[in-house]
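Report on the structure given below.
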Amino acid sequence: MDKQKKFYVTTPIYYINDVPHIGHTCTTVIADVMARYRRLKGDSVFFLTGTDEHGQKVAESAEKDGLEPQVYCDKIAPRFKKAWVDLNIGFDFFIRTTDSRHKKVVCDLLQKVYDNGDVYRGKYEGLYCVGCEKFLTESDLVDGKCPIHPPERTIEQVEENWFFKLSKYVPQLIKLIENDKTNYIFPEGKRTEVLSKLKGGVNDISISRANVKWGIPVPWDKTQTIYVWFDALINYYSATQFVDKKKDFWPADLHLLGKEILWFHTVIWQAMLLSAGLFLPKKVYIHSFYMIDGQKMSKSLGNMISPGQLTDLFGIDGTKYLIMSSFPGENDSDVGIERFKEKYTADLANNLGNLISRVAKLSEGLSFKTEKVGVFDKKFDEFFEKFDFCGAIKYIFDKWIDTSNAELNKIQPWKLKKDDKKRVEVLEKCVKNLRKTAFHLSVIMPSTGERIEEIFEGEIKALKNPLFPRIKK
Ligand code: MSP
């Protein structure tokens with residue numbers, strides 16, 4: 001038998017001082033869906049998520065709360081973990097960058113980079129955005145400030161720092177990306193964006209901070225701490241080094257992230273790995289952003305949507321369905337509570353939910369020998385390969401749900417006698433379709449998938465309660 005294929009998938013590790021919102025939820029849900037999909041294909045999966053806990057931003061939040069940074073982190077770290085557990089996200093490990101095992105791997109890796117001659121002392125003079133925890137370059141600026149965070153988060157910075165020879169790796173990276181046959185930066189638009197920025201010239205980067213105490217000390221210079229991004233990116237590798245039996249899981253098969261952190265993941269991270277002599281990740285998938293009713297989501301606008309708000313209204317599976325069917329792939333996706341309500345009602349309550357109730361009621365007492373589905377449809381696989389989740393969902397609805405509704409409306413089995421051949425045939429066909437739907441949708445809605453299977457696998461009983469209760473207005 002073939003050796004089981006491994007599949008290692010990651011989400012960004014989220015800044016601990018944030019409150020989990022629909023943006024974080026989006027990336028975490030697709031990671032969960034990919035993990036479930038690969039598990040069902042028989043792969044050996046490692047799904048990693050976690051929190052980014054060092055740096056100036058977290059130190060400032062801790063100070064505001066009057067707490068030592070570590071105490072503050074320990075107090076609020078469970079917030080993200082709980083959000084994902086509450087959403088039935090099947091992560092295998094939750095990494096925190098304040099974990100001493102992670103810190104050790106970071107120091108070892110940085111030491112390797114240093115020993116390789118890729119670190120030197122220099123002076124950093126420029127702008128820094130505390131919101132992004134990022135040294136800003138000319139091309140990052142809009143009106144002289146970071147466009148993502150409030151203007152006061154952009155600060156002047158003059159420091160003696162340790163620098164990483166990023167520029168040394170640029171020719172190698174260009175070659176790698178140009179000759180890449182596997183589309184390791186996906187989608188294509190992002191690959192071209194990275195290439196053209198690389199060709200436009202790249203400076204070395206500062207990888208330590210003199211005035212930020214909350215971080216991992218630089219191994220050979222304890223007066224400085226390691227720059228939070230250098231520390232954070234290593235989480236993807238470090239977890240494989242200390243989580244039981246995961247050593248062989250490096251390199252990651254798939255890093256998932258939002259578009260604002262593309263450069264860190266496709267250039268800086270790759271150069272760090274090249275310098276340390278480690279394998280590069282196999283694929284980096286970059287998605288766009290959710291907008292809320294036409295506006296950027298922000299604390300100051302007060303328009304953040306939390307995962308808890310969604311599960312209260314739509315249940316766990318309903319929430320995941322809505323996230324996936326409005327997924328911001330190549331373009332930003334505009335969402336809002338009202339539109340989610342409409343979509344839930346149309347697709348789940350009125351369409352799928354209603355079909356299940358109807359078929360179960362009409363087939364009460366019958367049992368069909370349709371086989372349990374265990375293999376994904378080829379076309380569905382193709383949608384997944386392109387990260388086209390909306391396409392995959394539409395495919396399920398078109399192929400199995402809408403056709404079942406159409407057949408039922410054509411044959412009108414409720415008008416036929418119980419043992420009429422046509423009636424039995426059409427119901428059997430619907431049950432077959434629903435079991436296919438259950439299997440394919442289970443990567444997004446695992447409990448719903450199981451529930452549909454339970455209803456239709458043996459002797460069928462009418463439902464006591466609908467699968468997707470209507471939302472009260
Ligand atoms: N801590 C860094 C990541 C370090 S990874 C080594 C960070 N954290 S974050 O808390 O700001 O999370 C950023 C990620 O959250 C984005 O890359 C994306 O995955 C997700 N999103 C944040 N806002 C989003 C939207 N409005 N829409 C969709 N996803 C977004 O950056």
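Numerical summary
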{"item": "Where ALA271 falls short, out of the listed (1) within 15 Å of the ligand (Cβ to nearest atom); (2) assigned by TED's automatic domain parsing to the domain that holds GLN157; (3) touching a strand residue (DSSP E or B) at 6+ places or on another chain (Cβ under 7 Å)", "result": "(3)"}
{"item": "Subset tally (residues that are crowded, with 18+ Cβ neighbours inside 10 Å and in contact with a strand residue (DSSP E or B) (Cβ under 8 Å, 6 or more places away or on another chain)) for segment 108-123", "result": "4"}
{"item": "Residue in segment 360-370 that is surrounded by 18 or more Cβ atoms within 10 Å (Cβ to Cβ), outside any helix (DSSP H, G or I), modelled with pLDDT under 95 and not polar (S, T, N, Q) present", "result": "yes"}
{"item": "Residues being under 26 Å from the mean Cα position of the chain (by Cα) and outside any helix (DSSP H, G or I) - total across segment 373-406", "result": "7"}
{"item": "Criterion violated by PHE47 - all others in (1) more than 14 Å from the ligand (Cβ to nearest atom); (2) open to solvent by less than 10 Å² (accessible area, probe 1.4 Å); (3) in a helix (DSSP H, G or I); (4) of a type outside the set (S, T, N, Q) satisfied", "result": "(3)"}
{"item": "Which numbered condition GLU330 fails, given (1) within 21 Å of LEU87 (Cα to Cα); (2) assigned to a loop (DSSP other than H, G, I, E, B)", "result": "(1)"}
{"item": "Checking ILE234 against (1) among the β-branched types (Val, Ile, Thr); (2) over 30 Å from LYS123 (Cβ atoms); (3) within 11 Å of the ligand (Cβ to nearest atom), the condition it does not meet", "result": "(2)"}
{"item": "Qualifying residue in segment 62-81 (condition: open to solvent by 20 Å² or more (accessible area, probe 1.4 Å), part of a helix (DSSP H, G or I), small (Gly, Ala, Ser) and within 16 Å of the ligand (Cβ to nearest atom))", "result": "no"}
{"item": "Count of residues meeting criterion [farther than 19 Å from ASN183 by Cα, in contact (Cβ under 8 Å) with a residue 12 or more places away in the chain and part of a loop (DSSP other than H, G, I, E, B)] in segment 270-310", "result": "10"}
{"item": "Top-ranked residue of segment 281-314 - restricted to ones that are more than 15 Å from the ligand (Cβ to nearest atom) and closer than 30 Å to PHE249 by Cβ, ranked as surrounded by the most Cβ atoms within 10 Å (Cβ to Cβ)", "result": "LYS283"}
{"item": "Residues of segment 166-191 classified as outside any helix (DSSP H, G or I) and either closer than 19 Å to ASN331 by Cα or of a type in the set (Phe, Trp, Tyr) (or both), total", "result": "5"}
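Quick grid of which residues meet (1) surrounded by fewer than 19 Cβ atoms within 10 Å (Cβ to Cβ); (2) over 27 Å from ILE286 (Cβ atoms); (3) in the same structural domain as PRO20 (by TED's automatic domain parsing):
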position: ILE316; (1), (2), (3): yes, no, no
position: TYR321; (1), (2), (3): no, no, no
position: SER326; (1), (2), (3): no, no, no
position: GLY329; (1), (2), (3): yes, no, no
position: LYS341; (1), (2), (3): yes, yes, no
position: LEU348; (1), (2), (3): no, yes, no
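The values are calculated or read from the model by the stated rules, or taken from the named source; none is laboratory data. As the structure is a computational prediction, the values presented were derived from the model and not from experiment. Methodologically, a virtual Cβ is constructed for each residue, glycine included, from the backbone with ideal geometry; neighbour enumeration extends over all protein chains shown. Just so you know, the surface numbers come from the protein's heavy atoms only, side chains and all, with ligands and any DNA or RNA stripped out. Shrake-Rupley method; radii C 1.70, N 1.55, O 1.52, S 1.80 Å.
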